[in-house]
1. In debye, nearest 20, what is the charge dipole magnitude of the protein assembly as shown about its Cα centre with +1 on Lys and Arg Cβ and -1 on Asp and Glu Cβ, if you could check?
2. Which translational diffusion coefficient, to the nearest whole µm²/s, is obtained for segment B:57-125 from the Stokes-Einstein equation, given a Kirkwood hydrodynamic radius over C-alpha pairs, 20 °C and 1.002 mPa s?
3. So if I take the centroid of the Cα atoms in segment B:89-132 and the same for segment A:117-154, what is the distance between those two points in Å?
4. To the nearest 10 degrees, how steep is helix B:71-86 against the longest Cα principal axis of chain B, on a 0 to 90 scale?
5. Give me the tail of P(r) for the protein assembly as shown as a percent: Cα-Cα pairs with distance above 32 Å.
6. Count, for each residue of B:115-124, the Cβ atoms from other chains sitting within 10 Å of its Cβ, then give me the mean as a whole number.
7. Please determine, in degrees from 0 to 90 and to the nearest 10, the orientation of helix B:109-122 with respect to the longest principal axis defined by the Cα atoms of chain B, where the helix direction is its Cα long axis.
8. Suppose a student asked you for the relative contact order of chain B, using Cα pairs under 8 Å spaced at least 6 residues apart; what percent would you report?
Amino acid sequence: MILLIHDLKGLDEDIVLKNTQGELTIVSDNGKIRPCICCFDCWIKTPGQCIAHDHYNHMGKLFSKAEELIIISRCFYGSYSPSIHGVLDRGISYMLPYFKTENKETHHSNRYDNHFIISAHFYGRISEKEKETAKKLIKANGINLFARETKVHFYETSEEILEAL
Amino acid sequence: MKISLINGSQKSKESNSGLILDRLKRFINKDHEIKNHKLGVKGFPEETLRKICSGDVIVLAFPLYVDSIPTNLLKLLIELEKHLTKEPTEDIVIYTIINNGFYEGKQTHIAFEIIENWCERSGIKFGGGIGQGAGETIGFVKNIPFAGFIFYNLDRSLKLLAQKIETKEPCNVTYLSPLLPRFLCRIMAHHFFWYPLARKNKLEKEDLVRKPV
Ligand SMILES: Cc1cc2nc3c(=O)[nH]c(=O)nc-3n(C[C@H](O)[C@H](O)[C@H](O)COP(=O)(O)O)c2cc1C
């Protein structure tokens, strides 16, 4: 399954669905997403599942089924847009609470044996410095999400992304 | 001098960012006008944004979220950027204290870059700060007698940071880990943090590795 997380306002999700081969799941902020309050209940109360009652409490499970994670986000200061960030924050149940050390750095152990590709598409007026930051961010997210590969692309407008996809 | 202390944690209960700001406050001279702002999951009213933008110093303390900054803080920064570019202020300096879950405070370096990039867009001065690893340990050892020594280096860095804040001088970012070896921190986190929390919820070790499908 391809998991697409985007923040595009006018995206006709039906057209995207029609144009992709294979299974596609689309997630975007519906304006009612709850912020992650760092309660850790998705680790120690309902392992693998967030306890908030909204459409985003199963992000860990979705991650576990993805072969590719496509992120389309406006770039803010080298990071994601708040909408995208809010969705990603809700996905920490994808990991176990346990720590492991890899390349002299601590990370979480994986709950699932899944290693997707992350393709990040950032759009907006992005400075060179912000691009460098965004590249580092995706690489770091790739490590923490057990990705097997990460790719980062930049565009001036969101329309260009849709053409490229 | 007007100093705004912003706690960017999204927790409703006690946060490590808040505990760090409390520790910092002990080192700042009481003559300064210090305002505390807890962000939580709501934004700030217009009035608060204006106050923050009309001060001399901002101290931003927050947790690392997904190698970056928590969503609500990101929203706040976008709002502040609008304010600061509409009414440019030459001389606000921002100091940043980031705490993260993993042992190595160095893992906050990308979030520091994000803050630096924000400063460039907002036209205010990046003052440096502290990246503290094993952040959850701060709250955890709070009530354990003599355990506070593992954050001796944090207190020392906060004291130096307070001096910089009072003179509005920028400093480098200092990355810290607690004064305990990494493997010990890991063992402690598993046995004294996660397992007891799970047991409170009537879950065993085996339950924590469930894989919802
Ligand atoms: C959604 C989410 C994402 C997180 N991402 C990271 C991360 O990428 N790296 C890390 O070291 N810690 C991460 N943490 C751990 C927090 O930074 C840590 O628990 C921190 O101490 C919380 O601080 P606070 O009490 O001030 O909110 C994350 C926590 C949450 C809830």
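The values are calculated or read from the model by the stated rules, or taken from the named source; none is laboratory data. Everything quoted here is computed from the prediction, not taken from an experiment. Reconstructed Cβ throughout: ideal geometry from the backbone, glycine too, with neighbour counts over all protein chains shown. These area figures cover heavy atoms from the full protein model, side chains too; ligands, DNA and RNA do not enter into them. Shrake-Rupley method; radii C 1.70, N 1.55, O 1.52, S 1.80 Å.
1. With Lys and Arg at +1 and Asp and Glu at -1, about 1480 debye.
2. Numbers: Rh = 12.5 Å.
Rounded to a whole number, D works out at 172 µm²/s.
3. For segment B:89-132 versus segment A:117-154, the Cα centre distance is 19 Å.
4. 10
5. Working: 23015 of 71253 pairs.
Tail of P(r) above 32 Å: 32 percent of Cα pairs.
6. Mean shielding by partner chains, rounded to a whole number: 4.
7. 20
8. Computed value for chain B: 20 percent relative contact order.
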